[in-house]
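The values are calculated or read from the model by the stated rules, or taken from the named source; none is laboratory data. Because the structure is predicted, anything quoted here is derived from the model rather than measured. Note that we place each Cβ from the backbone using ideal geometry, even for glycine, and neighbour counts take in every protein chain shown.
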Amino acid sequence: MIIEARRTPLCRTGGALSSLRAHELLAPVLAGLLAETRLSADAVADVVIGNAVGANGNVARLALLEAGLPVLVPGVTVDRQCGSGLDAIVLASRMVAAGGNGAYLAGGVESISTAPLRAHRGIAGEPEFFGRAQFVPHTYGDPDMGVAADNVAARYGISRERQDAFSLESHRRALEAAKAGFFESEIQPLQSSGGTGIVTDDDGPRPRLTAGVLARFPPAFSNEGTVTAGNSCFDADGAAAVVITSLQRARELGARDGLLVLGTDTAGVDPELLGIGAASAAARVLATQGVTAQELDLVEFNEAFASQTLACLDLLGLDPGQVNRDGGALALGHAYGASGAVLVTRLLAQSRRSPGQERLALAMISIAGGMGTAALLRYGAIG
């Protein structure tokens with residue numbers, strides 16, 4: 001049972017949060033969760049955190065100590081690239097299901113602004129810098145994310161016009177949600193870079209974006225492609241985490257409501273079409289739980305690219321109008337290892353707008369290398 005969730009503002013790489021390292025982004029979120037739930041720090045059984053491009057060294061342990069948790073609390077960092085934050089929550093849910101009555105903090109973090117430079121050692125020991133890790137053997141193609149997004153658009157017939165319209169709608173929804181104050185309850189304010197002020201808002205949604213502006217963007221990854229900078233997400237810094245525990249422990253903590261984890265799945269797909277991984281995982285978990293896509297009340301899907309988002313929704317038979325109701329990563333940004341946990345944070349906040357009303361919710365994310373993770377959740381009161 002997920003009883004509380006929080007996230008930082010999501011800010012463009014090089015922006016307001018660019019001086020904060022990953023553990024400095026995450027620590028205030030962990031501390032905020034403890035304060036909100038009145039959970040004793042020494043009652044935390046483990047801290048499970050996803051991270052994709054950090055300096056390794058177990059950022060979960062570093063952040064929990066930075067947050068003031070006692071040294072007796074352990075931490076583990078997981079890496080399934082973009083899926084890391086959601087997979088950390090899945091892992092913690094399985095720890096609870098295995099019989100633990102403790103409370104876990106789980107989520108993800110990414111400081112792309114401060115991520116270390118990466119290099120292999122050459123024959124003479126000299127550094128040979130590279131931009132990203134290799135995800136699969138080269139015989140499988142190992143395409144860059146944007147190239148794979150173009151592959152998906154071509155394979156599934158996702159037109160440039162649909163992609164641009166979806167991107168514009170994401171920005172519109174995010175702007176309306178921010179204006180309505182929908183993000184306020186879930187955001188943990190942070191001190192800005194340089195200590196010049198407190199950051200409380202996402203900085204991605206663009207109020208002046210129009211269909212005409214989007215139409216002027218050239219293809220970003222191939223001359224004949226339809227994926228552009230306008231219908232792709234941007235890199236962001238941020239963190240998100242949840243408190244997850246057993247139903248019994250949730251009652252002991254006085255929790256009023258939460259998201260019950262009904263089932264999870266992770267699937268592999270062709271790496272050349274990695275963007276459809278989420279659809280494969282979602283289809284499997286829905287089938288296992290005997291739930292149809294039409295029964296879902298809330299869906300949050302990481303919008304890395306409009307092309308892969310639309311392809312997955314088409315494959316699942318989901319109406320794009322019912323997904324990412326407050327906008328998604330096209331407007332808010334993609335903080336790699338944190339994004340999966342942001343999805344769950346959003347679902348809890350959206351569910352709480354209608355307290356007392358049960359809701360079926362789905363979080364799903366596609367992952368580099370040709371994978372996808374999905375989690376089926378049910379929101380309800382804790383009796």
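For (1) small (G, A, S); (2) more than 25 Å from A375 (Cα to Cα); (3) not in a loop (DSSP other than H, G, I, E, B), each residue gets a yes or a no:
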| site | (1), (2), (3) |
| --- | --- |
| R6 | no, no, yes |
| L17 | no, yes, no |
| L26 | no, no, yes |
| V29 | no, no, yes |
| A45 | yes, no, yes |
| L62 | no, yes, yes |
| L69 | no, yes, no |
| L72 | no, yes, no |
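Condition first: more than 18 Å from M1 (Cβ to Cβ) and either without any contact (Cβ under 8 Å) to a residue 60 or more places away in the chain or not in a strand (DSSP E or B) (or both). Now tell me which residues in region 355-383 satisfy that. Spell out the reasoning first.
Taking region 355-383 as the starting set, the residues that turn out to be more than 18 Å from M1 (Cβ to Cβ) are 364-374.
Result: A368, G369, G370.
Please go through region 36-57 and give me each residue that is without any contact (Cβ under 8 Å) to a residue 60 or more places away in the chain and either surrounded by 16 or more Cβ atoms within 10 Å (Cβ to Cβ) or over 23 Å from the mean Cα position of the chain (by Cα) (or both), ordered by number.
S40, A41, D42, A45, D46, V47, V48
When the residues of region 305-333 are filtered to those that are in contact with a Ser or Thr (Cβ under 9 Å, 6 or more places away or on another chain) and within 17 Å of D203 (Cα to Cα), which remaining residue is surrounded by the fewest Cβ atoms within 10 Å (Cβ to Cβ)?
That would be G327.
Which condition number does M1 fail, the rest of (1) more than 19 Å from the chain's Cα centre (by Cα); (2) of a type outside the set (S, T, Y); (3) at pLDDT 95 or above being met?
Single failed check for M1: (1).
It is to be established whether one or more residues within region 59-67 are of a type outside the set (V, I, T) and within 19 Å of the chain's Cα centre (by Cα).
First, pick out the residues of region 59-67 that are of a type outside the set (V, I, T): 60-67.
Now narrow it down to the ones that are within 19 Å of the chain's Cα centre (by Cα): 60, 63.
For region 59-67, residues of a type outside the set (V, I, T) and within 19 Å of the chain's Cα centre (by Cα): present.
For region 208-266: of the residues being of a type in the set (D, E) and over 25 Å from the mean Cα position of the chain (by Cα), which is farthest from H23 (Cα to Cα)? Quick ask: steps written out before the conclusion?
The initial filter retains those residues of region 208-266 that are of a type in the set (D, E), namely 224, 235, 237, 252, 257, 265.
Filter once more, keeping what is over 25 Å from the mean Cα position of the chain (by Cα): 224, 252.
On the way: E224: 41, E252: 30 Å.
Here the answer is E224.
Assess whether A283 counts as being free of Cβ contacts under 8 Å to residues at least 60 places away in the same chain, surrounded by fewer than 23 Cβ atoms within 10 Å (Cβ to Cβ), under 22 Å from A88 (Cα atoms) and not acidic (D, E). Walk me through how you get there before you give the answer.
On the way: free of Cβ contacts under 8 Å to residues at least 60 places away in the same chain: yes; surrounded by fewer than 23 Cβ atoms within 10 Å (Cβ to Cβ): yes; under 22 Å from A88 (Cα atoms): yes; not acidic (D, E): yes.
Yes; evaluated as a whole, the condition is true for this residue.
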